[in-house]
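The structure follows.
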Amino acid sequence: MPPLAPSPWFLTADDPTGTAAAAAATTASAQAPAAAGPDALLFCFPHAGGNPRTFLGWQDALGRDGRVLALCPPGRGHRFREPAPASVAELADGAAAAVTAVTAGTDLPFLLFGHSFGAALAFEVARRIDGRPGFAGLVASGCSAPSLLPTPRVVETARLTGRAFTEAVAFFGGLPPELAEDEVMQELLLPHLKADFRLVAEYAYRPAAPLTVPVTLVNGTGDPHVSPGAVAPWARECTAEPARHWTDGGHFYFEDRPAAVAEVLRPLLRAATASARTADEYVELI
């Protein structure tokens, strides 16, 4: 199997800062970090203001079933000097092109996973690559149906500034309590979070053909932001009824129990791998 094409868009457990990929991407003879080959790939899209390296902690639980590639968009992390995308559509265009480039020349199946804002972004990327060989499914976590986005609370939060913004964001969870009291940390971290909230608040959903790949929904039973009613319209976005998983916890149900995600992802990755191998065997027989 050819090595994966390096990309500054994605962090991996082998390259958690993205600096090696950024350097390798400019070299024509670049090779992927040496490691046991995965059976499938898992592209992960973080929530608003989220750290993509959080997803890399799932690699041990997934093992060879899937290699985690966590999205680091322009303007963040090692790409902080690059202009940040002005819209969800622009970001989705770039991410879709990056996924296509990384998977070109490999026969590995791959899934997209996104949480909250990342789920909406992964959905838009899925629309752009639906039908591409290897694309085996979308997993949307902690997110209302795209047709209901942006929610009024997100729109209102995006308009706030200072402490009012910090307190409003706390509703969604995932914000360290100490951040609310540390103005220096707020100056460092909140600009990215506010920029993401603005992106979501300006998101313009457009009806389109339903996705042909399987869609899986994962949500916390105690999530105050996503209700069963808000999840229901996801069914209109895919040709087959989406699989629904409800797990204990709130909006960030996986913070204390990362296994809650691995237990959903591992079977999906294995099924994608089995399907890809069966397809290869069928082609060989023909």
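Which residue fluctuates the most in the chain, going by a Gaussian network model with Cα springs under 10 Å, if the choices are ALA204, ALA158, ALA140?
Taking springs between Cα atoms under 10 Å, the residue moving most is ALA204.
Between LEU188 and THR17, what is 0.36 nm times their sequence separation minus the Cα-Cα distance? Round to one decimal in nm. Kindly include the intermediate steps, with their values, before the conclusion.
Working: separation 171, 0.36 × 171 = 61.56 nm, distance 1.80 nm.
Separation in residues times 0.36 nm, less the Cα-Cα distance, equals 59.8 nm.
For the chain, what does the accessible surface come to per residue with a 1.4 Å probe? Please give it in Å². If you can, show how the numbers build up before the last one.
On the way: 13390 Å² over 286 residues.
Per-residue value: 47 Å².
While we're looking at this one, here's another question. Considering amide H positions built from the backbone, and no H for Pro or chain starts, which residues 5 or more places from THR247, or on another chain, come under 5 Å of its amide H?
ASN219, GLY220, THR221
Taking θ as phi - 60°, what are the ³J(HN,Hα) couplings along the range 153-165 by the Karplus curve (6.51, -1.76, 1.60), each to the nearest whole Hz, with x for Gly and Pro?
My calculation for the range 153-165 gives 5, 5, 4, 5, 4, 4, 7, 7, 9, x, 5, 4, 5 Hz in order.
May I pose another question? How many percent of DSSP beta bridges within the chain run antiparallel, rounded to 5?
Taking every DSSP beta bridge within the chain, about 5 percent pair in antiparallel fashion.
Expressed as cubic angstrom per residue, what is the convex hull volume of the alpha carbon set of the range 140-228? Working shown, then result.
Numbers: hull volume 10.0 nm³, N = 89.
That works out to 112 Å³ per residue.
Tell me, what % of the accessible area of the chain is carbon and sulfur with a 1.4 angstrom probe? Present the calculation step by step, with values, prior to reporting the outcome.
Working: 7540 of 13390 Å².
C and S atoms contribute 56 percent here.
Given the -39500 (n - 2.57) contribution per DSSP H run of 4+ residues, what per-residue ellipticity at 222 nm results for the chain, rounded to the nearest 500 deg cm²/dmol? Before the final figure, lay out each step's value.
Working: 10 runs with 109 residues, N = 286.
Calculated mean residue ellipticity at 222 nm is -11500 deg cm²/dmol.
Let me ask something else. Hey, if you put +1 on the Cβ of every Lys and Arg and -1 on every Asp and Glu Cβ in the chain, which of SER275, PHE165, VAL125 ends up farthest toward the positive end of that dipole?
Value: VAL125.
Which of these, PHE55, PHE165, PHE117, has the largest mean-square fluctuation under a Gaussian network model of the chain (Cα springs below 10 Å)?
The residue that fluctuates most here is PHE165.
Between ALA259 and THR212, what is the label-point separation in nm under the 7 Å Cα-to-beta-carbon projection?
Result for the modelled spin labels: 3.9 nm.
To continue, here is another question. Using Cα springs under 10 Å in a Gaussian network model of the chain, which residue among PRO73, PRO146, PRO233 shows the largest mean-square fluctuation?
Maximum fluctuation in the GNM of the chain, among the listed residues, is at PRO233.
Multiply the residue separation of PHE80 and ALA97 by 0.36 nm, subtract the distance between their alpha-carbon atoms, and state the gained length in nm to one decimal. Mind dumping the intermediate values first?
On the way: separation 17, 0.36 × 17 = 6.12 nm, distance 1.96 nm.
Contour length minus Cα-Cα distance gives 4.2 nm.
The values are calculated or read from the model by the stated rules, or taken from the named source; none is laboratory data. Note that the coordinates shown come from a computational prediction; the quantities given were computed from them, not determined experimentally. Please note: Cβ atoms are built from the backbone with ideal geometry, for glycine as well, and neighbour counts cover all protein chains shown. Ligands, DNA and RNA are excluded from the accessible area calculation, which covers all protein heavy atoms including side chains. Shrake-Rupley method; radii C 1.70, N 1.55, O 1.52, S 1.80 Å.
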